[in-house]
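Please treat every number below as a calculation from the coordinates, not as lab data. Bear in mind the structure is a predicted one, so any value in this text is a computation, not a measurement.
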Amino acid sequence: MSNTSGSRRAWSRTQKKLFLISVPFLLFITAFFYVPLLGWLISFVKYYPGIPINKLEFVGLQNFKSFFYNREQVIRVFRNTLVLSGLIILTLPVPAIFAILLNELSARRLKKLVQTFSTIPYFISYVLIYLAFVTIFSPSDGMLNILLYEKYGMINRPLNVLTNPNIAWTVQTCMYLFKNVGYNAIIYLSAIASIDPQLIEAAEVDGAGRFQRIRHIIVPGLVSTFVVLLVLGLGNILSGAGFEQYYVFGNAMVLDKLEVIDTYTYKMGIVQGNYSFGTAMSMLKSLVSVILLVTANGIVKKVRGSSIF
């Protein structure tokens, strides 16, 4: 009896230590993620910087309603956001396929080299990536056009990659893959590493080939990871690849195809100084994203019997 109570006290002390360790992180999350939510009050007033909120004019839902006054602009922004986010969701299998191919490499040095070079773009800012692609694809003095058009005459006219609205969605999807596929593959490589190696050894003993092992062991082992990323992607469908990519690569020629909710909110709220409207848009997007996340999680739970929360 005394041993049982002693183990309970020891476990209680362990729990206290773990809780104390987590306190700084909880305070950090509270300070930088939850306290700023008080700023949502700006969306219900006519905000002017420097004036206390309690002295500002209360306008209710007027800032939310103003978003729908210009229907053509609203439809265009939502269309671009949903299309670009949808294309990114469709590319979710690409990192999984890349991880499987990388896992099948027998040469360890080559495997590490490929994984390293494919992950590096994730840590490079979009500004530097933009400069690199402008250097390569610029219609006037880009390296690719100089070689294919001016020097060798392999094309009839210079390629117009970054300012062509007809291929803007495709280019940005490829840009997202270039930057994120290597980093996202790490998640699937971790899932592959967690698969019981005895299953693979047993399959090899039974005469299963490489493709059979991938199909019947590795792919089923990645399904749960894929479902989690799919649910998170559906919940984040109003954000797409994020603000930075479309803001950096946006220009007058492709603005009609690349202006999404985040860039539109920034333009109206920060550039034009309509802080109340920008806050209202951010608040609306966050609420809709939470609803989409809960809905997608509920659907997955009904289909698979399990969910991410």
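Taken over the Cα atoms of the chain, the convex hull encloses 251 Å³ per residue.
A convex hull fitted around the alpha carbon atoms of the stretch 1-149 yields 352 Å³ per residue.
Using a Gaussian network for the chain with springs between C-alpha atoms less than 10 Å apart, which of these wobbles most: PRO165, PRO36, PRO93? It is PRO36.
Candidate cross-link partners of LYS179 among the lysines, defined by an alpha-carbon separation under 24 Å and a same-chain spacing of 8 or more, comprise LYS111, LYS112, LYS257. Here the Debye sum runs over all C-alpha atoms of the stretch 194-290 as equal scatterers in vacuum, and log10 of I(q)/I(0) at q = 0.23 Å⁻¹ comes out as -1.14. A compact globular protein would have a Cα radius of gyration near 2.2 N^0.38 Å; the ratio found for the stretch 210-257 is 1.85.
Taking VAL83, VAL228, VAL35 as the candidate residues, the one with maximal mean-square fluctuation in a Gaussian network model of the chain, Cα springs under 10 Å, is VAL35. Which aspartates and glutamates, on any chain, are close to LYS46 with Cα under 17 Å apart, when same-chain ones fewer than 8 places away are left out? Answer for LYS46, where 17 Å is the Cα cut-off: GLU57, listed by chain and number. Gaussian network model of the chain, Cα springs within a sub-10 Å range: biggest mean-square fluctuation belongs to which of THR30, THR225, THR265? Of the options given, THR30 has the highest mean-square fluctuation.
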